[in-house]
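Presented below is the structure to which this report refers.
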Amino acid sequence: MFNDVGPLELVTLVVLAVLVFGPDKLPKVIQDVMRTIRKIREFSESAKQDIRSELGPEFKDFEFEDLNPKTFIRKQLDNDDLGLKEIRNGFDLKKEMAEVTEAVQTYDTDSAPAAANGSPGAPGGRVDMTKKPEEDDRPPFDADAT
């Protein structure tokens, strides 16, 4: 219930409670609070049981925690009907990365002789980007397009 309350915060709450209620009334206040929390839990459980009984036998596996979207999605993804576990287990990331690395290295070694010839039209050939384009290489100017 109080998962995110640290020890320092707990000590602060106890000191505040002693200051506000006093050491004489504090045990009575704690009993009243615990009684109220117990009644709320009992009311909640009885409401859950009433809802389950009203839904009928076709919803016997219904859990209220499934109404949380994260829990619902996690439960559906863990379901074997979708076959996601086989896909997840069949995918080996290291193997895939090794294949990609090998393909890139093979491509680099194949394109090295073409680049040595200096032919920019050859596959894997390099184009000199520092060279200015020729005047007649520019596309024609279309005044209507601008």
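Structure notes:
- Over all other residues within a Cβ to Cβ distance under 14 Å of Glu54, the charged ones net out to +1, with Lys and Arg as +1 and Asp and Glu as -1.
- Area accessible to solvent at Arg41, 1.4 Å probe radius, in Å²: 150
- Simple spin-label estimate for Val11 and Val100 in nanometres, 7 Å along Cα-Cβ: 5.1
- Taking 0.36 nm per residue of separation and subtracting the Cα-Cα distance, full extension of the segment from Glu63 to Val18 would add 12.2 nm.
The values are calculated or read from the model by the stated rules, or taken from the named source; none is laboratory data. Note that this is a predicted model, so its numbers are computed, not measured. All Cβ positions, even for glycine, are placed from backbone atoms using ideal geometry, and neighbour counts span all protein chains on display. Surface areas here come from the heavy atoms of the whole protein model, side chains and all, with no ligands, DNA or RNA. Shrake-Rupley method; radii C 1.70, N 1.55, O 1.52, S 1.80 Å.
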